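Asker: Below you'll find the structure I mean.
The values are calculated or read from the model by the stated rules, or taken from the named source; none is laboratory data. Keep in mind it's a predicted model, so treat the numbers as computed, not measured. Methodologically, a virtual Cβ is constructed for each residue, glycine included, from the backbone with ideal geometry; neighbour enumeration extends over all protein chains shown.
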Amino acid sequence: MTRFPLPSKDTPVTAQIIDGKAIAARIRQELAAQVETYVASGGSRPHLAAVLVGDDPASAVYVRNKERACQQAGMLSTLHRLPASTTQEELLTLVQQLNSDASVHGILVQLPLPKHIHETSILDAVTPLKDVDCFHPENVGLMVQGRPRFLPCTPHGCQELLAACGAKVDGAHAVVLGRSEIVGKPMAALLVQKGDVANATVTIAHSRTRNLAEITRQADILIAAIGKPNFVTADMIKPGAVVIDVGINRLNDQLVGDVDYPAAIDIASAITPVPGGVGPMTIAMLLKNTLRAARLQDNVD
Ligand code: L34
């Protein structure tokens, strides 16, 4: 009889690497086809207006990636580049101008904004039907109530990655590490909902959580979005867990996630790399929302 070694502490299994770059490329290809079908049937060609204030080099890379992805999917994109010295009033005027421009379907104000600008005031000014980030309180409310107009890009991208790797989310314990408005809070809201890639038991943990490792060790699904390089160490991961690393940190000229990847790879059953994991999915989900925004403005949906 042939005996196969069972996975144990002594025989580490290497995790499945969840290829976000490839999954995002496939989704973008499907979107490109949907755009052509939509335009051929008389719909508007989706148009994203991106606003980049200041000269944060990372933001410039992300916005450039977004623009390129739009164009590759047959969507229009316009970049509004403003100096770091832009006043809140000037930025507000631009947002209002984009709100009333019928040729623009989606508005993206790249974060972070310079410190002298009140972020919430700007984001609240984006008209809800063009809010492709799903940051407006009306859209967050609709999403939390399970009747979304848009889905938030990064959390939705994480959900797509969980679906793609075949993670069993239904009934699982998902621990979301981080409580930001852009990732942690909406991520938890999506995972706890009734539906596909959802129905999880969700814990939100954060910088003030007591006995953090004890909690993360209970996670069947661990979403790391705390913004600290290599924060999640081996002892914080349950063997066989699915680990989604949302962090993008620059450490000694290298991109690293929130998870100590080399250590985690021998413990998790599946894990996203950084780069090439969640980042590309955020962009693919933004494109999805931009097509949806065009449909909303065309009064198709
Ligand atoms: N308004 N601001 C708004 N919406 C967003 O959804 C974002 N976010 C975050 C920062 N500010 C935002 C992004 O777009 C983070 N983020 C983002 C998007 C894309 C990528 C990373 C972060 C990305 O493309 N990452 C690549 C590596 C890029 C590189 O080389 O630096 C990756 O493979 O992870």
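Asker: Just for the range 44-71: of the residues that are of a type in the set (Ser, Thr, Tyr) and near the ligand (Cβ under 10 Å from one of its atoms), which one is nearest to the chain's Cα centre (by Cα)?
Answerer: Among them, the one singled out is TYR62.
Asker: May I ask you to say which residue of VAL259, VAL232, VAL274 is surrounded by 24 or more Cβ atoms within 10 Å (Cβ to Cβ), within 23 Å of SER207 (Cβ to Cβ) and without any contact (Cβ under 8 Å) to a residue 40 or more places away in the chain?
Answerer: VAL259
Asker: Among the residues of the range 67-124, which ones are surrounded by fewer than 13 Cβ atoms within 10 Å (Cβ to Cβ), assigned to a loop (DSSP other than H, G, I, E, B) and out of contact with any helix residue (DSSP H, G or I) (no Cβ under 8 Å at 6 or more places or on another chain)?
Answerer: Across the range 67-124, the qualifying residues are PRO83, SER85, THR87, SER100, SER103, LYS115.
Asker: Just to verify a result, which residue in the range 126-179, among those that are among the small types (Gly, Ala, Ser) and more than 16 Å from the chain's Cα centre (by Cα), is surrounded by the most Cβ atoms within 10 Å (Cβ to Cβ)?
Answerer: The residue in question is ALA174.
Asker: Could I ask something else about it? Filter the range 125-155 down to the residues that are outside any loop (DSSP other than H, G, I, E, B), touching a Gly at 6+ places or on another chain (Cβ under 9 Å) and within 21 Å of LEU82 (Cβ to Cβ) and list them by number.
Answerer: LYS130
Asker: Is it the case, given these coordinates, that LEU31 is surrounded by 20 or more Cβ atoms within 10 Å (Cβ to Cβ) and modelled with pLDDT of 95 or more?
Answerer: yes
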